[in-house]
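Please read the structure below before turning to the comments.
The values are calculated or read from the model by the stated rules, or taken from the named source; none is laboratory data. For clarity, every value in this text was computed on a predicted model and none was experimentally measured. Ideal geometry is used to build each Cβ from the backbone, glycine not excepted, and the neighbour counts take in all protein chains shown.
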Amino acid sequence: MTNPLDRAALDAALDNVHRAGMPGLFAEVRDGEQVWRGAAGAADVTTGRPATAGLRHRVGSITKTFTAAAVLQQAESGRIGLDTPIGRYLPTLVPGERGDMITVRMLLNHTSGLAEYLPYAYPSLKAFPVLADTGPESLDDHRFTRFDPTELIEMGVTAPAVGVPGGTPGVYSNTNYLLLVRLLEEVTGTTAERYITQHVIERAGLRDTKLPAGPYVDGPHSRLYESWFGMIDPPRDYSVYDMSWVGPSASLISTVVDLNRFYGMLLAGEIVAPGSLAQMRRTVPVVSQEGRTIEYGLGLHPMEGPGRGTFWGHGGTVWGGGALAMTRADGKRQMAVAVNMQRWNRLDSSGTPQPHPIDDALAALYREAMYG
């Protein structure tokens, strides 16, 4: 299904992404006992400090796998029912008929029909997903804003629905995972950050992974450069940013080493029970925030090449940063890649993101990393 690690090919593929326009990136690929780590470009374009493979990084919605695993643990203990209406647990947050119809499973796999709150929290993004009518001003306005998660949830719940509960394709929405965070807090009696840290992060033995309380990344890390489809030129550094706009649904800090360790253990049944893992891998079609229809499970989604086996994991973005972590179903081949610029595609006159050399270079890196 895959070939042994070709270190020269991986080095070249990584360099090609940098040459295509990515300021800096770093990665780890594993195949059984073989391990390759690499980095290219700069972690800080002002000082020229080079990217290195061990840097900590904001990994965005990869956090959702950690949150989903925590929810599945509570389902195993009987405190949460996956097919129980969310209104039974959080009646004031999702009141009335929708609270009776939307189940925990629908939140986990984005089939709740609840809208994304982000365009309401960030006024300059209010036209999203019509990108041509958006602007980056809110990103600066909210750099140090401390959002109240209850208010963010209310924005998503009161916005026009994007589908009927349980209908497919679902629509990816951070509102779903902010509700799951509140659900965890309701049934565990502690903060979601503390529960996920103790029962997922520490259980996996992750040494450089944390849910931050403030706007800073501790330890060696990269700057994060946001382009917002060419509207911020040159791209602006958003590595210092209050992450309450996503909370424990997308604020995790980790390393490529820790991400591979986590997904390897998850797929080996060491974070949740095998039955729960099977539930996580039951997929439905979901429309991503980029407008593509993907298959999505409970905090996991698959990638596969023709005849080359299925990989499971998650991707994530924040303002300026992104990551993708994928592990083959048998756990043997793993890839984690982190990049320090986001939304590099410029828009055409109709507001459609245009192809960029970075896209092809990243796709080639992923192919080499996963399949050789």
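Results for (1) at pLDDT 95 or above; (2) under 24 Å from A75 (Cα atoms); (3) under 20 Å from the mean Cα position of the chain (by Cα), shown as yes or no for each residue.
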| position | (1), (2), (3) |
| --- | --- |
| A127 | no, no, no |
| L139 | yes, no, yes |
| L178 | yes, yes, yes |
| R207 | yes, no, yes |
Q: Output the number of residues of the stretch 302-328 satisfying the condition of being at pLDDT below 95 and either of a type in the set (D, E, K, R) or part of a loop (DSSP other than H, G, I, E, B) (or both).
A: 6
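Among helices (runs of 4 or more DSSP H) lying entirely in the stretch 1-117, which contain 1 or more residues that are more than 19 Å from T317 (Cα to Cα), at pLDDT 95 or above and of a type in the set (V, I, T)?
On the way: elements: 7-19, 63-76, 86-89, 96-101, 104-108.
Filter on the stretch 1-117 gives 63-76, 86-89, 104-108.
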Q) Any residue in the stretch 332-342 that is assigned to a loop (DSSP other than H, G, I, E, B) and within 24 Å of F66 (Cα to Cα)? A) yes
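Quick grid of which residues meet (1) surrounded by fewer than 18 Cβ atoms within 10 Å (Cβ to Cβ); (2) without any contact (Cβ under 8 Å) to a residue 24 or more places away in the chain; (3) under 23 Å from A53 (Cβ atoms):
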| site | (1), (2), (3) |
| --- | --- |
| L300 | no, no, no |
| G322 | no, no, yes |
| Q342 | no, no, yes |
| D348 | yes, yes, no |
| R367 | yes, no, yes |
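Test of understanding: among V284, V256, V339, which residue is closer than 28 Å to T168 by Cβ and β-branched (V, I, T)?
Numbers: V256 fails: closer than 28 Å to T168 by Cβ; V339 fails: closer than 28 Å to T168 by Cβ.
Criteria check complete, one pass: V284.
Inside the stretch 90-110, can you point out the residues that are among the polar types (S, T, N, Q) and within 19 Å of M155 (Cβ to Cβ)?
Keep residues of the stretch 90-110 that are among the polar types (S, T, N, Q), which gives 92, 103, 109.
The one that is among the polar types (S, T, N, Q) and within 19 Å of M155 (Cβ to Cβ): T92.
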(Q) Which condition from (1) farther than 17 Å from G316 by Cα; (2) touching a Lys or Arg at 6+ places or on another chain (Cβ under 7 Å) is the one that L224 breaks? (A) (1)
Q.
Going through T197, T190 one at a time, which residue ends up being of a type in the set (V, I, T), within 23 Å of F147 (Cα to Cα) and part of a loop (DSSP other than H, G, I, E, B)?
A. T190
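Here is a yes/no grid of residues against (1) at positive phi; (2) more than 20 Å from the chain's Cα centre (by Cα):
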position	(1), (2)
A9	no, yes
Q34	no, yes
R37	no, yes
S61	no, no
G87	no, yes
L90	no, yes
I102	no, yes
L107	no, no
G113	yes, no
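Can you tell me which residues in the stretch 18-39 are touching a residue at least 60 places away in the same chain (Cβ under 8 Å) and farther than 21 Å from T327 by Cβ? Steps first, please.
Taking the stretch 18-39 first, the residues touching a residue at least 60 places away in the same chain (Cβ under 8 Å) are 19-32, 37.
Across the stretch 18-39, the qualifying residues are R19, A20, G21, M22, P23, G24.
Quick one: which of V200, V187 is closer than 29 Å to V284 by Cα and over 21 Å from the mean Cα position of the chain (by Cα)? Break it down stepwise before answering.
On the way: V200 fails: over 21 Å from the mean Cα position of the chain (by Cα).
It is V187.
Residues A53, A43: which one is over 30 Å from V187 (Cα atoms) and either buried (at least 23 other Cβ atoms within 10 Å of the Cβ) or of a type outside the set (A, V, I, L, M, F, W, C) (or both)? Can you show your working first?
Working: A53 fails: either buried (at least 23 other Cβ atoms within 10 Å of the Cβ) or of a type outside the set (A, V, I, L, M, F, W, C) (or both).
None of the other options fit; the residue is A43.
For the stretch 126-167, how many residues meet the condition of being among the hydrophobic types (A, V, I, L, M, F, W, C), assigned to a loop (DSSP other than H, G, I, E, B) and in contact with a helix residue (DSSP H, G or I) (Cβ under 9 Å, 6 or more places away or on another chain)?
So the first thing to find is which residues in the stretch 126-167 are among the hydrophobic types (A, V, I, L, M, F, W, C), and the list is 127-128, 130-132, 139, 144, 147, 152-153, 155, 157, 159, 161-162, 164.
If we keep only those that are assigned to a loop (DSSP other than H, G, I, E, B) as well, we get 127-128, 130, 144, 147, 159, 161-162, 164.
Going one step further and asking which of them are in contact with a helix residue (DSSP H, G or I) (Cβ under 9 Å, 6 or more places away or on another chain), we end up with 127-128, 147, 159, 161, 164.
So the answer is 6.
Among the candidates G21, G32, which residue alone is small (G, A, S) and over 22 Å from D360 (Cβ atoms)? Break it down stepwise before answering.
Working: G21 fails: over 22 Å from D360 (Cβ atoms).
Going through G21, G32 in turn, the sole match is G32.
Does any residue of the stretch 108-121 turn out to be of a type in the set (S, T, Y) and surrounded by fewer than 16 Cβ atoms within 10 Å (Cβ to Cβ)? Give the steps one after another, and end with the answer.
We begin by selecting, within the stretch 108-121, every residue of a type in the set (S, T, Y); these are 111-112, 117, 120.
With surrounded by fewer than 16 Cβ atoms within 10 Å (Cβ to Cβ) added as a condition, the list becomes none.
For the stretch 108-121, residues of a type in the set (S, T, Y) and surrounded by fewer than 16 Cβ atoms within 10 Å (Cβ to Cβ): absent.
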(Q) So the check is Cβ under 6 Å with 6+ separation or different chains; which pairs have a first residue in the stretch 181-203 that's under 13 Å from I271 (Cβ atoms) and a second one that's at pLDDT below 95? (A) none
(Q) Quick check on my filter: what residues within the stretch 249-298 are part of a loop (DSSP other than H, G, I, E, B) and either surrounded by fewer than 18 Cβ atoms within 10 Å (Cβ to Cβ) or without any contact (Cβ under 8 Å) to a residue 24 or more places away in the chain (or both)? (A) A268, G269, E270, A273, R281, R282, T283, S288, Q289, E290, G291, R292
